[in-house]
Amino acid sequence: RKAAEMDVTVSGQAAPVATKGFVLYNGIEGTPAFGSGAAIADAGDGSLKVVAASDAKAIGRFLGPKNDQGYAPLEFNLN
């Protein structure tokens, strides 16, 4: 109960992870456009790279270009 009150997880306890949805994402290698694919970048820092939508490594697709702050709308489905 205490962990729930503090909004933390206990070691070994399952934690929810987003596997499907729509987010604004920053940290993109390349220039996304509507419909371009998104794949995990090789940098190992959690960034995404722009790929063809048909690329087997794509985890989602961009729904537009980056805004002034570098965020782009991303739709993903990891199921």
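Considering only protein heavy atoms, what per residue accessible area in square angstrom results for the chain with a 1.4 angstrom probe?
Values: 5610 Å² over 79 residues.
Per-residue value: 71 Å².
Scan around GLU29 for amide H atoms under 5 Å from its own, H built in the peptide plane at 1.01 Å from N, and keep only partners 5 or more places away or cross-chain.
LEU48, LYS49, VAL50
With only Lys, Arg, Asp and Glu charged, each at its Cβ (+1 for the first two, -1 for the last two), find how big the charge dipole of the chain is about the Cα centre; round to the nearest 20 debye. Present the calculation step by step, with values, prior to reporting the outcome.
Working: 7 positive and 8 negative charges, 45 e Å.
Here the size comes out at about 220 debye.
Based on Cα coordinates alone, diagonalise the gyration tensor for the chain, multiply each eigenvalue by 5, take square roots, and list the semi-axes in whole Å, largest first. Write down the numbers at each step before the final one.
Working: eigenvalues 169, 40, 28 Å².
So the equivalent ellipsoid measures 29, 14, 12 Å along its semi-axes.
Suppose only helical runs count, i.e. DSSP H with n ≥ 4. What mean residue ellipticity at 222 nm does that imply for the chain under -39500 (n - 2.57) per run, divided by all residues and rounded to the nearest 500 deg cm²/dmol?
Working: 1 runs with 5 residues, N = 79.
Here the helix-only value at 222 nm equals -1000 deg cm²/dmol.
What lysines sit close enough to LYS49 to cross-link, taking a C-alpha to C-alpha distance under 30 Å and skipping anything fewer than 8 places away on the same chain?
LYS20, LYS57, LYS66
The values are calculated or read from the model by the stated rules, or taken from the named source; none is laboratory data. A quick note: this is a predicted structure, and the numbers were derived from the prediction, not measured. Virtual Cβ from ideal backbone geometry, glycine too; neighbours counted across all protein chains shown. All accessible areas refer to the heavy atoms of the entire protein, side chains included, with ligands and DNA or RNA removed. Shrake-Rupley method; radii C 1.70, N 1.55, O 1.52, S 1.80 Å.
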